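Input: a single structure, listed below in structure tokens.
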Amino acid sequence: QAHGVSWWLVQAALAAAAVALPAVDEVPVTRLGIDEHRYRSVRWFRTDDGAWRRFEPWMTTLVDLTTGQVLGIVDGRDSTAVGTWLAQRSECWRERIEVVAIDPSAAFRKALRTYLPRAAVSVDKFHLVKLGNDMVTTVRQRLARTHHGRRGRKDDPAWAHRMLLLRGADTLTPRAWERLEDVFGTVDPTDELSAAWGIKEQLRRLLATDTLAQAWDERMRMGYFVQIANIPEATKLYDTIVTWWDAIEVLILTGATTARVEAANTGIKNIKRTGR
């Protein structure tokens, strides 16, 4: 509107630019990002035999982490979908890949081991932090069912401050610290919730390290805290950290994350929603 250009002219210019884009095999990619995205809600459809089937509208986006360019979009989020796309790339293109950033997905890692065996795999920091937050939420919900025989309610301090429990300790104001301590002091007689919160924060400290030596020290502290807490949810989280430790080391050394893939997924979702 500011430049007096119609939407149709912009669309025509965009279409012309898209046609002129180089083929994927011609793009010199050294860092690749892979992440899945559900672009709409679950749908149900009836098959020819009259049965109802559930359709999970997942897609997987592959992005050049250096430039942010979307290289490909495949249906689903399994190893076959990603593996088929990688198999279609030339051998020279695949050999050029040095680092691949993914979320903690065994399916993606399986495809990478097959088609990019020499690439270093980095696990995304955001997804690891989310696993820590999910662990705290699961403990909070279990304690509510154990102590109250029901789900949390708005008059329960732990439920009312559930989002506060997920915030990083370094972002809390003095007032927020007071509210958090009140939650631990009034609804946490077994100290399980505070222990889960402390383990979540230890994971964040681990992911904030700059060297492998520091990361290993923080991992040992996390393992000690998990052992002392003896909480099944925390033990499961620590087992995941151990399983993905090689990829965490790559994350610390390279800083490769799926942030640009998430940005691309957001743009693609908006396009699917608006049709533009």
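Only the coordinates and a few stated rules stand behind these numbers; no lab work does. Since the structure is predicted, the reported quantities are computational estimates derived from the model, not experimental observations. Don't worry about glycine lacking a Cβ; one is built from the backbone with ideal geometry, like all the others, and counts go over all protein chains shown.
Some values worked out for this structure:
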read-out	value
Positive dipole terminus of region 126-254, leading residue within THR254, THR138, ALA208 (C-beta point charges)	THR138
Cβ-Cβ FRET estimate between LEU212 and THR266, R0 fixed at 30 Å, reported to 0.05	0.40
Cα-centre dipole for the chain with unit charges at Cβ (Lys and Arg positive, Asp and Glu negative), debye to 20	980 debye
Estimated FRET transfer efficiency (ALA87, LEU9; beta-carbon r; R0 51 Å; 0.05)	0.80
Gain upon complete extension [TRP52, ALA18; 0.36 nm per residue less C-alpha separation]	8.3 nm
Karplus 3J(HN,Hα) series, Hz, for region 32-44 with 6.51 cos²θ - 1.76 cosθ + 1.60 (x for Gly, Pro)	10, x, 10, 7, 8, 7, 8, 8, 6, 6, 5, 10, 10
Nearest-0.05 FRET efficiency for GLU249 and ARG151, computed from C-beta distance (R0 35 Å)	0.35
Alpha carbon convex hull of region 93-157, volume per residue in cubic angstrom	104 Å³
Ellipsoid semi-axes in whole angstrom, largest first, where each is sqrt(5λ) of the Cα gyration tensor of region 136-276	29, 24, 15
Using θ = phi - 60° and Karplus 6.51 cos²θ - 1.76 cosθ + 1.60, couplings along region 104-121 (whole Hz; Gly, Pro as x)	x, 10, 5, 5, 5, 5, 4, 5, 5, 5, 7, 10, 10, x, 9, 7, 7, 9
Interchain or long-range residues, amide H under 5 Å from LEU71's placed H	LEU62, VAL63, ASP64
Local electrostatic count at THR114 - Lys and Arg +1, Asp and Glu -1, tallied over other residues with Cβ under 15 Å	+3
Ranked list, fewest to most other Cβ atoms within 10 Å of each Cβ, for ASP75, ASP103	ASP75, ASP103
Under 16 Å, Cα to Cα: Lys pairs in the chain, sequence gap 8 or more or different chains	4
Inter-label distance, nm, simple model (7 Å from Cα along the C-beta direction), LYS130/MET220	3.2 nm
Estimated distance in nm for a label pair at ARG40 and ILE228, the labels positioned 7 Å out from Cα along Cα-to-Cβ	5.2 nm
Using alpha carbons only: equivalent-ellipsoid semi-axes of the chain, gyration tensor based, whole Å	39, 25, 20
